[in-house]
Amino acid sequence: MLRLLDRIFGRPREGDLTKLWHRIVEIAREPHWYAMRDVADTVEGRFDMVTAATALVIIRLNEEGDVEAAARLTELFIDDMDGQLREAGVGDLVVGKSMGKLVSALGGRIGAYKDGLDGTDADLAEAAERNVTRNDGAGSALPLAEGLRALHADISATPFEKLLAGEITR
């Protein structure tokens, strides 16, 4: 009920990560992902990039031990995706099932990107190849992996308080 009242009256909750969420979406929409790294400029490709950027931020939050912030960011992801599905005309009966799949996709990608980041560029490229919708005839996923690794480095280099405020340096 408090969440509903917060939405109605616009009161920010303690530890509000809305600016961080908007910054993640902004990063996922950067043209280089689509023009230079062969991500398909489709609904699926854009979802994959939002999910990838979200996963990289959640990896950082988990590394910092801030499970609460990771949970709040996941809530923002869920709320936004729920709204997007409803806006696209998906009915109430299907939204719940779809949301389960989307949250599962996020969880799987957090693990895949964490493993890829802990490995070589080839490992990260393999994770990206499995988890990002790419253009037909796209070549190697190494440029995409390099972009994800650079984004991870930017997220990691951002002071934690600035990250929580949505100030990811790029």
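The values are calculated or read from the model by the stated rules, or taken from the named source; none is laboratory data. Being a predicted model, the structure only gives us computed values, none of them experimental. Note that we place each Cβ from the backbone using ideal geometry, even for glycine, and neighbour counts take in every protein chain shown.
Structure notes:
- Count of residues meeting criterion [over 16 Å from the mean Cα position of the chain (by Cα) and within 15 Å of TRP33 (Cβ to Cβ)] in segment 141-163: 4
- Matching residues, segment 123-138, being over 16 Å from THR54 (Cβ atoms), in a helix (DSSP H, G or I) and among the hydrophobic types (A, V, I, L, M, F, W, C): LEU124, ALA125
- Residue that is surrounded by the most Cβ atoms within 10 Å (Cβ to Cβ) [pool: residues in segment 40-68 that are among the acidic types (Asp, Glu) and out of contact with any helix residue (DSSP H, G or I) (no Cβ under 7 Å at 6 or more places or on another chain)]: ASP66
- Of the residues VAL95, VAL132, the single one that is modelled with pLDDT under 95 and touching an Asp or Glu at 6+ places or on another chain (Cβ under 9 Å) is VAL95.
- Members of segment 104-150 that are among the aliphatic types (A, V, I, L, M) and exposed (fewer than 14 other Cβ atoms within 10 Å of the Cβ): ALA122, ALA150
- One residue stands out among those in segment 139-167 that are at pLDDT 95 or above and assigned to a loop (DSSP other than H, G, I, E, B): the one that is nearest to ASP118 (Cα to Cα), which is ALA141.
Residue-wise test of (1) more than 27 Å from LEU144 (Cβ to Cβ); (2) charged (D, E, K, R); (3) part of a helix (DSSP H, G or I); (4) at pLDDT below 65.
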residue	(1), (2), (3), (4)
PRO12	yes, no, no, yes
ARG23	no, yes, yes, no
PHE47	no, no, yes, no
ALA70	no, no, yes, no
LEU106	no, no, yes, no
